[in-house]
Each structure stands twice: as C-alpha cells, then as structure tokens.
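The values are calculated or read from the model by the stated rules, or taken from the named source; none is laboratory data. Small disclaimer: the values here were computed from a predicted structure and weren't measured. As a convention, Cβ positions derive from the backbone with ideal geometry for all residues, glycine included, and neighbour counts pool all protein chains shown.
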Amino acid sequence: MSVFKLFSLGGVVMWPLLGFSMLVTALFLERGLFWWKISNRQTRLVQRVLESYPRDPQAALAKLKQNTDLPIVRIFLAALTLQEATPDEFRLALESAAQAEIPLLKRFNTIFETVIGVAPLLGLLGTILGLITSFSSLQFGQVAGQESIEVTAGVGEALISTATGLVVAIFTLLFANLFQGLYRRQRAMIQENGGRLEILYRRLYRRHVRNRQSDRK
C-alpha cells in the first residue's frame, strides 16, 4: 500500500499530523546545526581564552569578541567588559548573562512537548472518527457477511491515524530528549568554565589592588 493511500485512509487528522511532522523536522535541523556549531568550536576556544587570560587579558578579550555567536562567549564578555568591576559584581554579571542565555539553549522545547502530547491524541481522535464511520454503516442485526467484512476493514484503516500519531510523538520525544541532554551538558560547562574565569579574575583583581596600594606608598 502506497504512502498516499495510507494518508488518505487515515482521515482528516492526518493533515495536522503531517504539519506537526514537517514542523518538528525543521526545528530538529535548526537545533542540530545549533548544537553542532557549539560542540565543534567552543571547547577549544574557551580553553585557549582561559589559558591566555592571566597573561594577556586584552588578547583574550579580543579573541572572545571574534566569536560572539557562541553563548558562553557572550556570557564571558558580559562580565569582562564591566569597567573596574569588583569580584562580586563580576560573579553577578556572569550569573545574569548565563540566565539570559537559557531561553536560547532551551529554544523550541515547548513546541516539542506540545507535539509529544498532542500527536497521540490526534491519532486517537482519528481512530475514533474512523470507527464511528465504520460502525455507522453497519445496520442493527447485521453481524456477518459483507457488512462485517467492511467494518473490519474500516477498523484497520482507522488505526492508521493512531499509529501515525504515535510515530510522530516517539520521534519527537527521542530528539527532544537528545537536545535536553545537550542543554544540561551546556549548563554544566558554563558553570564550570564560568567558575574558572571568576577565579582568574579574582587573582588579577587582588594583584591590581596590591599594585595600587604599593604605588601609593
């Protein structure tokens, strides 16, 4: 049986299920490219920045400004570009910038959750509508013969929408869980490297304070 035949047998709910499948496919591609870009570049970049920052803060800052499309870079820049910030102000800037990046990291999660919940219900609705149509053609007292064969075939066709809804929901759930795992790893990475940067900044800040005190003497 061809795909077009299955689609027509699934009933009217196949159209919104098709729309859901096309939508989540486009979002999967967008999220996949987003996470691929992050995982491919940011680890090496952050490592080089943290290594060069104690020796040459300006060079590290210039390196960050060349890669502002990465979330962790924007977080670092929000703190490093503060003028004469105390360690506490530096930490608050890091935390505030990290919170501001969360919506981007969790982008489309609400849509994925909606599709996961609604797609099986649409499939079930299509099955119920198909069953109603099948049994409405069976007159009272007719339980055998051609009528029962038609009803049996109609029940099988009605289940197509349920199967389609489950397939859409399952694939959406798999990819949504993958992106959720990448999001949790990214949060842990931001916290770890943000803490390392804060330590380096505190050391430079104490050194700067001591130098100013010695100059006054």
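Any chance you could count how many residues in the stretch 64-76 are within 14 Å of residue 193 (Cβ to Cβ) and either over 24 Å from the mean Cα position of the chain (by Cα) or of a type in the set (Asp, Glu) (or both)?
The qualifying residues number 1.
Find the residue count for the stretch 13-33, including only residues that are touching a residue at least 60 places away in the same chain (Cβ under 8 Å) and surrounded by 13 or more Cβ atoms within 10 Å (Cβ to Cβ).
From the stretch 13-33, those touching a residue at least 60 places away in the same chain (Cβ under 8 Å) are 13-14, 16-17, 20-21, 23-24, 27-28, 30-31; that's our starting set.
Narrowing further to those that are surrounded by 13 or more Cβ atoms within 10 Å (Cβ to Cβ): 13-14, 16-17, 20-21, 23-24, 27-28, 31.
Qualifying residue count for the region: 11.
Considering each of 49, 73 in turn, give the residue that is in contact with a Lys or Arg (Cβ under 7 Å, 6 or more places away or on another chain) and buried (at least 19 other Cβ atoms within 10 Å of the Cβ). Give the steps one after another, and end with the answer.
Working: 73 fails: in contact with a Lys or Arg (Cβ under 7 Å, 6 or more places away or on another chain).
After ruling out the rest, the residue left standing is 49.
Out of 133, 152, 164, 127, report the one residue that is at pLDDT below 95, of a type in the set (Ser, Thr, Tyr), part of a helix (DSSP H, G or I) and loosely packed, with under 13 Cβ neighbours inside 10 Å.
Only one candidate passes the filter, namely 152.
Where residues in the stretch 52-70 are without any contact (Cβ under 8 Å) to a residue 40 or more places away in the chain and surrounded by 14 or more Cβ atoms within 10 Å (Cβ to Cβ), which of them is nearest to residue 101 (Cα to Cα)? Break it down stepwise before answering.
Going residue by residue through the stretch 52-70, those that are without any contact (Cβ under 8 Å) to a residue 40 or more places away in the chain are 52, 55-56, 58-70.
Checking the rest, the ones that are also surrounded by 14 or more Cβ atoms within 10 Å (Cβ to Cβ) come to 52, 60-61, 63-64, 67, 70.
Values: 52: 25, 60: 21, 61: 19, 63: 20, 64: 16, 67: 15, 70: 10 Å.
So the residue we want is 70.
Can you tell me which of 82, 94 is of a type outside the set (Lys, Arg), surrounded by 13 or more Cβ atoms within 10 Å (Cβ to Cβ) and either within 30 Å of residue 11 (Cβ to Cβ) or touching a residue at least 40 places away in the same chain (Cβ under 8 Å) (or both)? I'd like the intermediate steps shown before the answer.
Details: 82 fails: either within 30 Å of residue 11 (Cβ to Cβ) or touching a residue at least 40 places away in the same chain (Cβ under 8 Å) (or both).
Answer to the check: 94.
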